[in-house]
Each structure stands twice: as structure tokens, then as C-alpha cells.
1. Taking the Cβ of Arg327 as the center, what net charge do the other residues with Cβ under 13 Å away carry, scoring Lys and Arg +1 and Asp and Glu -1?
2. How many angstrom lie between the C-alpha centres of region 254-278 and region 282-333?
3. Got the relative contact order for the chain handy, in percent, Cα pairs under 8 Å and 6 or more residues apart?
4. Nearest 5 is fine: what % of DSSP beta bridges in the chain come out antiparallel, could you say?
5. Taking GluC sites (Glu not before Pro) as exposed when DSSP calls them loop (any state but H, G, I, E, B) and at most 15 other Cβ atoms lie within 10 Å, what is the longest stretch of the chain free of them, the sites themselves excluded?
6. Would you kindly state how much longer the chain becomes between Ser383 and Asp149 on full extension, computed as 0.36 nm times their sequence separation minus their alpha carbon distance, in nm to one decimal?
7. Using only helices, what value at 222 nm comes out for the chain when you add -39,500 (n - 2.57) per DSSP H run of length 4 or more and divide by the total residues, to the nearest 500 deg cm²/dmol?
8. Order the following by accessible area, largest value first: Ile388, Ile78. Probe radius 1.4 Å; ligands, DNA and RNA are ignored.
Amino acid sequence: MDVVAVGFWGGYFGSVGLMLAGSLAAFARSQQRVALTAALSGLVSTLFVVAYLGWLPISDPAVEARLLAHVAVATSVILGLMLLAMLGLLRNPATARIARVSMVSGAALVLGAGWMMDPHAALAMGSIAAFTVGVAMLVTCVRSARRGDRLAWVAVSGVSFMLIAVSGLSWIALNRDTVPWPVHAVSAVAGMAYLSMMATALWNRYSYLIELREVVTHGASYDPITRMRTHAETGQMVGLAFFRQHDDASRAVGVIVVSIGNLYTLENLHGRTALNHALFVCASRLRRCVPGDVEMGRMGDDGFLLLVRGAAQAPRLIELGRLVANRLARPVVLSTSASPAGLEAGEAHWEAQVGVGVLAASPQVRPSAAVALARAMSRTAWSYASRIAWRDPETGRVAELPTD
């Protein structure tokens with residue numbers, strides 16, 4: 001092998017080493033699932049690379065070709081199932097069973113057909129089967145991404161790089177002595193990119209569970225918005241916002257209070273774990289949909305407070321209120337188990353009974369009075385079809401926000 005090619009593959013194995021080191025760090029933090037998935041992904045991919053580069057201690061070319069065919073099929077099935085699990089497509093037991101049976105049956109069929117061929121043809125068939133599984137996973141990732149799963153777009157990039165690496169390694173395995181070094185370089189770089197994309201996807205997928213475990217552990221003393229252990233910071237945030245706007249009476253302070261009316265019922269039906277999970281989901285949705293210049297804080301046990309400084313434009317407050325109401329009202333499946341292994345096994349189907357109060361308060365108004373009024377408006381909004389209440393500028397009364 002060319003010295004340049006060896007250098008590129010050295011970079012690849014260095015990436016595998018970093019991934020394994022990250023797995024050990026995750027394991028040390030008691031994140032066994034994260035560590036196992038990352039380590040298994042790196043090791044299985046490395047087995048494929050080592051075998052196809054011809055670095056296994058096998059001198060008989062026929063035996064090596066037979067073994068490579070089995071390695072190609074086995075690693076593609078394992079990585080394919082891991083990818084489906086990471087995307088959450090194996091949560092349904094029936095779907096998971098169908099996927100496993102289909103992939104294992106297909107692998108057995110390919111391997112059985114390979115034994116009816118000469119070793120070189122069996123290796124080619126195994127490589128084609130691995131590439132086909134990769135294409136099927138790419139189609140699955142694209143479909144998930146188009147349904148709104150942002151994590152799937154990362155997986156699309158990773159699987160695309162994997163297909164490039166599989167193609168290059170298949171060329172190397174089938175024509176080991178005549179492959180130019182650029183093929184090795186492209187394959188190694190694609191392999192490194194694949195590992196990087198998968199590591200990113202794994203962290204994005206399981207960091208949710210890490211954070212959720214903290215919320216379930218600490219409960220109400222852990223603020224899902226500000227990541228603080230007390231609610232005192234919310235009061236300080238309100239006072240500071242009104243104080244800074246006090247010298248400019250023409251610029252109102254936008255106060256939006258979100259109240260969730262069915263949290264008490266949720267706790268009675270499914271326990272404290274489901275309640276903490278619901279608060280965590282609502283807080284996460286708020287962080288994703290609210291602009292960066294909007295300050296947020298926990299308000300009581302059943303609500304959240306949003307402050308918009310200099311909210312001279314009522315349309316922006318109205319648009320933000322509608323956005324928050326729509327996002328938080330989406331259904332969610334909640335966990336009822338406090339154990340880390342059961343956090344993904346959702347059993348409680350729940351929709352938040354959201355009420356949103358939208359108020360543009362003058363800086364001269366007492367902050368506590370403005371927040372209390374917005375909170376009362378949010379509770380009144382529970383009885384509105386739109387679930388949003390505001391102060392009508394024409395009548396000066398609290399009313400339901402118009403639909404358009």
C-alpha cells in the first residue's frame with residue numbers, strides 16, 4: 001500500500017480512537033447506552049475497514065474472500081439496525097420485529113447464495129448487499145427528515161459518506177494490487193466523515209435523555225428553561241426588564257405568560273415522573289421556537305414567563321403568542337418510569353391544555369401587576385378556542401385574540 005494511503009487510513013483509525021475515548025467518557029458518566037452505541041458503531045465500522053483492506057491474518061485468498069462477504073453482510077445489518085434505533089423507528093415492537101426479521105432473512109439469503117458461487121463472486125455479492133442496505137437506510141433517513149426529524153438530516157449526510165466509503169473499499173478488496181492511492185484517500189476521508197456525522201447524531205439523540213434524567217431527578221427544583229435550581233431568577237429578570245425600559249415610556253415591555261391547565265391531572269394519573277417529563281418537553285419546545293432576544297423563565301408550578309423588551313410592535317407579540325400556543329399544544333408521549341432505561345418507553349399520551357396571555361405593558365406599570373395580569377389572562381384563555389388572550393386596544397378589555 002502506498003505511504004500516502006497509509007497516512008489517510010491512520011487518520012481514520014485516529015478518529016475511531018477518539019470515538020472510543022468519547023464512549024469511555026460517556027460510560028464514566030453512567031450513560032451506558034450512549035457509550036455502547038458509539039463504541040459498537042466505531043468497532044463494527046473498523047472491522048469492515050480492516051477486513052476490506054486485507055489486514056486480517058489470512059493467507060488463503062479464497063478463504064479471505066468468503067470471510068469478507070460475511071463481514072460485509074453482517075456489519076451492514078448491524079449498522080442498519082443501529083441507525084433505525086437511533087432515529088426512533090424501532091420503538092414499536094411490531095415494527096422492530098419486522099425490521100429485524102427482514103434484514104436477517106435478507107442477509108441469510110445473500111450469504112446462502114454466495115456459497116453457491118466462487119469466493120470472488122461471493123465477495124462482490126456481499127459488497128453489493130452492503131451498498132444496498134446503505135441505500136435503503138439513506139432512503140429511510142430522507143423520509144424521516146422530510147417528516148420533520150432534524151436529526152435525520154445529520155444521518156443523511158453520514159449514510160451518504162458511508163456509501164462512498166463502502167464503494168471505495170469494495171474497489172480495494174476486489175482489485176487490491178491495482179488501486180491508486182486517491183481511492184484510499186477518498187475512502188478514508190469518507191469513513192472519517194461518516195464517524196463524525198454518526199457521533200454528532202448520537203450525541204444529539206441521547207443528550208435529550210441525559211438532560212431528561214436530570215429533570216426527572218431534581219423535579220420542580222430544576223428549572224427546565226434557565227437550567228437553574230430555583231425560581232428566584234425569574235423575579236429578578238422581570239424587575240430588570242422593567243427597570244431598563246423605565247426611561248423610555250414609548251417602548252412597552254412585552255409580557256407573555258403560558259399556563260398549562262392539566263398538569264395536576266397528569267400527575268394524579270401518571271405520577272411525578274410524567275409531570276417532570278411534560279415540563280421538560282414544554283420547556284424544550286419553548287427554547288426551540290422563541291427568538292434569542294426573548295427572555296424566558298419558569299413561573300410557578302404550571303407556567304412559563306416570556307419577556308420582550310421594547311415591544312412597541314403589537315403584531316410581533318401576537319405572532320409570538322400564536323407560535324407558542326401552537327408548539328406547546330402538540331401531542332407528546334410521556335415516560336412514566338424514573339429509571340434511565342425506561343425514559344424512552346413512553347406510555348402516557350398527553351396534550352398540554354395551554355393558555356397564553358399576551359400583554360404590552362408600559363414601563364411605568366408595576367412589574368408584579370403586569371405579570372399578574374398576564375397570568376390571569378393566560379388562565380382565562382383556557383376557555384377560548386384559540387387559547388390566547390390579549391387586551392383589546394379598542395375596548396381596553398381582555399378578549400380572545402382574533403384568529404387572523
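The values are calculated or read from the model by the stated rules, or taken from the named source; none is laboratory data. The model shown is predicted, which means the values in this text are computed figures rather than measured ones. Cβ coordinates were reconstructed from backbone atoms using ideal geometry, including for glycine residues, and neighbour counts include every protein chain displayed. Calculation scope for accessible area: heavy atoms of the full protein, side chains included, ligands and nucleic acids excluded. Shrake-Rupley method; radii C 1.70, N 1.55, O 1.52, S 1.80 Å.
1. After counting each charged neighbour, the total is +4.
2. If you average the Cα positions of each part, the centres end up 16 Å apart.
3. Here the relative contact order equals 13 percent.
4. For the chain, the DSSP antiparallel bridge percentage is about 90.
5. 1-346
6. 81.0 nm
7. Mean residue ellipticity, 222 nm, calculated: -22000 deg cm²/dmol.
8. Heavy-atom accessible area, descending, gives Ile78, Ile388.
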